[in-house]
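Read the figures in this text as sums done on the coordinates, not as results from a lab. What you are looking at is a predicted structure, and each value in this text was computed from that prediction instead of being measured. Note that each Cβ is placed from the backbone with ideal geometry, even for glycine, and that neighbours are counted across all protein chains shown.
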Amino acid sequence: MEHEYELLLEKSRERNDFIKRQMKYLGKFNMKNFDHVVADFHEEAFALIDCLKCGNCCRTIGPKMNEPDIKRACKAFGLDQKRFVAESLVRDEDLGWMVAVMPCPFLRDDNACDIYDVRPRDCDDFPYTRERGIQRALGRLAFNTEFCPAAYLIAEKIIERYAPGITK
């Protein structure tokens with residue numbers, strides 16, 4: 001991982017309680033055009049952060065996978081689906097199928113994904129800052145700042161815009 005990204009994650013961990021409080025507070029309001037503003041913040045953050053120079057999400061939290069995700073991944077990688085499920089996934093009662101052991105089995109040494117073109121939707125959506133109704137999911141964004149430098153930058157931009165002057 002790039003040293004710059006490590007520093008961002010370190011700063012995020014230092015500010016995590018503050019970020020969680022602010023995201024919880026901001027989630028209580030009905031802010032006009034919030035999804036669009038956050039989508040713009042998403043684009044700005046990912047213009048600065050190159051996932052191939054990070055890969056931390058794939059090393060630490062991994063994706064949840066639904067049945068179509070599992071089928072596509074197995075087909076693309078030439079895996080037996082039943083064996084892959086038994087050896088590589090665990091079933092979470094609330095979230096569904098999850099990668100059992102980190103790093104993700106599809107993560108390569110260069111941080112690229114062996115199944116990128118058919119990656120699970122969860123991977124494509126991470127850190128979930130382009131979805132509708134993001135304001136209701138700011139707690140999840142706060143959680144993801146611990147793993148994703150781009151999520152941290154997005155959260156900081158949200159705080160700067162919607163809670164200016166509050167620093168701790």
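Brief remarks on what is shown
- Per-selection Kirkwood Rh - the chain (Cα, Å, 1 d.p.): 16.9
- Amide H contacts of W97 (H built 1.01 Å from N, under 5 Å, at least 5 apart or other chain): M65, D92
- Computed from the alpha carbon positions, the gyration tensor of the stretch 64-123 leads to an equivalent ellipsoid with semi-axes of 17, 13, 11 Å, biggest first.
- Pairwise label distance in nanometres, K75 with R136, each label 7 Å out on the Cα-Cβ vector: 3.2
- Contact order normalised by residue count of the chain, Cα under 8 Å, 6+ apart, percent: 39
- Counting only alpha carbon atoms, the long axis of helix 149-162 and the longest principal axis of the chain meet at about 30°.
- Residue by residue, the stretch 63-80 carries 3J(HN,Hα) couplings of x, 8, 10, 9, 4, x, 4, 5, 4, 4, 5, 5, 5, 5, 9, x, 9, 6 Hz when phi is fed to the Karplus relation 6.51 cos²θ - 1.76 cosθ + 1.60 (θ = phi - 60°); x denotes Gly or Pro.
- Once the Cα atoms are used to define both axes, helix 34-48 deviates from the longest principal axis of the chain by about 70 degrees.
- The calculated FRET efficiency for R21 paired with A100, based on their beta-carbon distance and R0 = 30 Å, is about 0.35.
- In the stretch 64-123, taking the dipole from charged Cβ atoms about the Cα centre, the farthest positive-side position among V99, A112, A76 is held by A76.
- What the Cβ-Cβ distance of D35 and R108 gives, at R0 = 30 Å and to the nearest 0.05, is a FRET efficiency of 0.35.
- For the stretch 84-153, projected area of the alpha-carbon convex hull averaged over all directions, nm²: 5.9
- Residue pairs, from the table K32/K157; K24/K53; K11/K64; K32/K53; K53/K75; K28/K53, whose Cα atoms sit over 23 Å apart: K24/K53; K11/K64; K32/K53; K53/K75; K28/K53
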